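Have a look at the structure below before the remarks.
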Amino acid sequence: MIIVVSGPGGVGKGTIVDRLVSRDSGLWLSRSWTTRDQRPGEPADAYVFATSEAFERRITDGGFIEWTEFLGNYYGTPVPDLDDVDGRDVVLEIELDGAQQVKERFPDSVLIFLLPPTREEQERRLRGRGDPNDKVLARLRKAEAEEPLGRRIADHVLVNDDLDRTVDDMLAVIEGERAVRSSG
Ligand code: 5GP
């Protein structure tokens, strides 16, 4: 099963998927490629940090299951190595354009769309990452523009107003999807 976790920047996707995979040993978190610079304090393994040339070469080689350009940088999900996945369910933490591509390519995938409790809270989280003001504003605008599409194509919509509860709810959603698949 492919579980796609999407939602606007500042909604807490990264923290949530880290907790998900640490609580459910049947989940495997994909590591994306990006051409953006590593943020101060960001772990070196948060992404594969690539040059545009390396990224474009991998596109040509068919090495991504989806990729997109997001606010001036490339982001993409590499085709997973099945030995690494080892029979687990695959978790992708990606933005909405990529999520839409995955749903089209793998209609059985499960798209969970996360929303922030309020725009103010989302802005506070985005600013807390130390991004420059213009980037924060661009992400907020994009979030607002994309929300209707996200709600429409999602299989499940969750509001992240309490981290522990959101993670519990997502684990319940995943268990439910597993049950549907094993019975059908
Ligand atoms: P950030 O620069 O804040 O780490 O990520 C920007 C956005 O790109 C986030 O919404 C994040 O979920 C998304 N993203 C991360 N990896 C991928 C990927 O492989 N593909 C796509 N389409 N989006 C990604």
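The values are calculated or read from the model by the stated rules, or taken from the named source; none is laboratory data. The structure displayed is predicted, hence computed values, not measured ones. All Cβ positions, glycine included, derive from the backbone under ideal geometry; neighbour counts span all protein chains shown. Ligands, DNA and RNA are excluded from the accessible area calculation, which covers all protein heavy atoms including side chains. Shrake-Rupley method; radii C 1.70, N 1.55, O 1.52, S 1.80 Å.
Site pair A179 and L71 shows an inter-label distance of 3.8 nm when each label is modelled 7 Å from Cα along Cα→Cβ. In order along the range 143-150, the phi-based Karplus estimate (6.51 cos²θ - 1.76 cosθ + 1.60, θ = phi - 60°) of 3J(HN,Hα) comes to 4, 5, 5, 8, 4, x, 5, x Hz; Gly and Pro are listed as x.
Taken over the chain, the alpha-carbon convex hull comes to 122 cubic angstrom per residue.
Working from label points 7 Å from Cα in the Cα-to-Cβ sense, the A44 to R152 distance is 4.4 nm. For V159, the residues whose amide H sits under 5 Å from its own are L115, ignoring neighbours fewer than 5 places away on the same chain, with H placed 1.01 Å from N. The simple spin-label model puts a point 7 Å past each Cα toward its Cβ; for R165 and K135 those points are separated by 3.2 nm.
Using only the alpha carbons of the range 75-127, what is the convex hull's orientation-averaged projected area in square nanometres? If you wrap the Cα atoms of the range 75-127 in a convex hull and average its projections, you get 5.2 nm². Solvent-accessible area of the range 2-183 (1.4 angstrom probe, protein heavy atoms only): carbon and sulfur portion equals 47 percent. Proximity of backbone amide H atoms, modeled 1.01 Å from N, is registered between Y74 and T35, R36 at under 5 Å, excluding neighbours fewer than 5 places apart on the same chain. Hey, in the GNM for the chain with a 10 angstrom Cα cutoff, which one of R141, R125, R36 fluctuates hardest? Answer for the Gaussian network model of the chain: R141.
Annotation: D168 carries an accessible surface of approximately 70 Å², with a 1.4 Å probe and no ligand, DNA or RNA atoms counted.
Normalised per residue, the accessible area of the range 2-183 is 52 Å², obtained with a 1.4 Å probe and no contribution from ligands, DNA or RNA.
Extension gain, A172 to S25: 0.36 nm times the residue separation minus the Cα-Cα distance gives 51.5 nm. Only Cα pairs under 8 Å and 6+ residues apart enter the sum, and on that basis the relative contact order of the chain stands at 32 percent.
Only one residue of I16, L171, F64 has its Cα farthest out toward the positive end of the dipole of the chain, where Lys and Arg carry +1 and Asp and Glu -1 on Cβ, and that residue is I16. Counting Lys and Arg as +1 and Asp and Glu as -1, what is the net charge of the other residues whose Cβ lies under 13 Å from the Cβ of Q122? That sum, taken over residues with Cβ under 13 Å, equals +1. Taking amide H as placed 1.01 Å from N in the peptide plane, the amide H of V91 sits under 5 Å from that of I3, W28, L29, S30, each at least 5 places away or on another chain.
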